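The values are calculated or read from the model by the stated rules, or taken from the named source; none is laboratory data. Just so it is clear, the model here is predicted, and its values are computed rather than measured. Reconstructed Cβ throughout: ideal geometry from the backbone, glycine too, with neighbour counts over all protein chains shown. All accessible areas refer to the heavy atoms of the entire protein, side chains included, with ligands and DNA or RNA removed. Shrake-Rupley method; radii C 1.70, N 1.55, O 1.52, S 1.80 Å.
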2 protein chains.
Amino acid sequence: MALLDLLGRRWALRVIWELRERPATFREVRERCGGVSPAVLNDRLRELREAGVLEHDDPEGYRCTAHGLALVQALAPLDAWAKAWAKRAARESRSTSDAG
Amino acid sequence: MALLDLLGRRWALRVIWELRERPATFREVRERCGGVSPAVLNDRLRELREAGVLEHDDPEGYRCTAHGLALVQALAPLDAWAKAWAKRAARESRSTSDAG
DNA sequence: TGGCATGCTACGGATTCTGTAGCAGCTCTT
DNA sequence: AAGAGCTGCTACAGAATCCGTAGCATGCCA
């Protein structure tokens, strides 16, 4: 899985995820990701562009390519799992302070 | 996506992936992951156990829980995308040295 | 008692991420 | 022309993380 070299890095999946619906400028992506360092963000954006997942369009900013959108769709089951996992985690943490 | 705090770290997805079919001992996981540092591996294994994704069984070693197996299934489309992406990447790199 | 496996810890050095400051280019307004 | 505000992006120091290797404590078997 060479994929993990690309997506295993910090913010990589997050950046794609934040661009899944609509494009965003560099600074906007930064805000959506909670103020990542622009150096790291620039690295990720470049890597993801080189991987053909993102592209840069002058007026609109960064956006997913067709490949990127396919990746987002492949991420959907993961998102569904994450939601179920979050519920479980919430139950767990509740059970540490509440015996019910 | 608090999921990314868990899976966005290095080796997290890889460890799960390597345990998707059969359990493995600490040292065996280490080998399957290309010799990760045991310190990092120990961190990941603990985090993933606390997240309920993995569990430790004395005779067999580490293995995926039911939650973990659900995650592996959620990872399947991602794997499929990765395979298609790898083909594209191979074509790309070929086209840099070969004009055909 | 010695050999071999287990899970795991320690530590120095390299890599990566964070957080803030700032540059150069373009557009709009006055 | 000058100023404000946006754009993408770079620089740098300090913190966090990862890597690579060495080694410990335990349990099993002869």
Can you tell me which of A:Arg46, A:Arg20 is within 9 Å of DNA strand D (Cβ to nearest atom) and either open to solvent by 80 Å² or more (accessible area, probe 1.4 Å) or touching a residue at least 40 places away in the same chain (Cβ under 8 Å) (or both)?
A:Arg46
Kindly establish whether A:Ala39 is at pLDDT 95 or above and over 16 Å from the mean Cα position of the chain (by Cα).
yes
When (1) at pLDDT 95 or above; (2) under 18 Å from B:Ala86 (Cα atoms); (3) under 12 Å from the mean Cα position of the chain (by Cα); (4) not aliphatic (A, V, I, L, M) are applied to A:Gly8, the one that fails is (1)
In the stretch A:58-67, the residues that are at pLDDT below 95 and open to solvent by less than 50 Å² (accessible area, probe 1.4 Å):
A:Gly61
Return the total of residues in the stretch B:1-28 being more than 30 Å from A:Val72 (Cβ to Cβ) and within 12 Å of DNA strand C (Cβ to nearest atom).
6
For residues that are within 14 Å of chain A (Cβ to nearest Cβ) and either open to solvent by 60 Å² or more (accessible area, probe 1.4 Å) or near DNA strand D (Cβ under 8 Å from one of its atoms) (or both), scanning just the stretch B:23-36, find the one that is modelled with the lowest pLDDT.
B:Gly34
Any hit, the stretch A:58-76, residues being away from DNA strand C (no atom under 16 Å from the Cβ) and in contact (Cβ under 8 Å) with a residue 60 or more places away in the chain
yes
When A:Arg14 is run through (1) basic (Lys, Arg); (2) touching a Gly at 6+ places or on another chain (Cβ under 8 Å); (3) surrounded by fewer than 17 Cβ atoms within 10 Å (Cβ to Cβ), the failure sits at (3)
